[in-house]
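Here the structure comes first, spelled out in structure tokens, and everything after it is commentary.
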Amino acid sequence: MPCAYHTDRAAVGACSCGRSLCEQCVNLLDPPTCKTCAKKYIGKETADLVKTCLIGAALFVVGLVLGMHNGAGSGISTGIILMAIPFGWRVGAILPLFIFGTNPAAVVVVGIIKLSLAIIIGVPSLLIYTIKTIIRIGRLRGVVNAVK
Ligand SMILES: [Zn+2]
Ligand SMILES: [Zn+2]
């Protein structure tokens, strides 16, 4: 079977969508990704990143307003913490809210632990997510540009 993009070359692998890919195309990205899927992923990752930035910016403004009465420094740090909480919360999904049962007291305790964890790991995970997504979009663009 020939490569979906280079009909003169034999396919050595395939994208998850089933398109066959030649050696050059297979080596562009791990796992092997065809140009069509790379374009699709770029759209999805970009939309995700934009959405995250918008939500983050909105939460930052809320935190800024809430913390501002204690000075600009407090406003900025409250803004950063609020902005990062959704990220930390997502990472904290490993700790289920009902881990100690549905007893309201237990749920409140677990909720407080989760929120504290979210605040602590939120900022680094937000940074890691942003950097990883930008690198991934760059790699996907590489596939789109390499395959004529
Ligand atoms: Zn594909
Ligand atoms: Zn190819």
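Values quoted throughout were computed directly from the atomic coordinates according to the rules given, and no laboratory measurement underlies them. Keep in mind the model is a prediction, meaning the values are calculated, not measured. Glycine also receives a Cβ, built like all others from the backbone with ideal geometry; neighbour counts cover every protein chain displayed.
For the reader, a short list of remarks on this structure follows.
- Fully extended contour minus Cα-Cα distance, from residue 40 to residue 112, at 0.36 nm per residue: 22.1 nm
- Between residue 70 and residue 1, the modelled labels are 6.1 nm apart [label points 7 Å from Cα along Cα→Cβ].
- A Gaussian network model of the chain, with springs between Cα atoms under 10 Å, assigns the largest mean-square fluctuation among 88, 101, 67 to 101.
- The stretch between residue 93 and residue 141, if pulled fully straight at 0.36 nm per residue, gains 14.2 nm over its current Cα-Cα span.
- Full-stretch length increase - residue 16, residue 54 - with 0.36 nm per residue and alpha-carbon distance subtracted: 10.6 nm
- Cross-link reach list, lysines versus residue 148, counting only Cα pairs under 17 Å and skipping chain neighbours closer than eight places: 35, 39, 40
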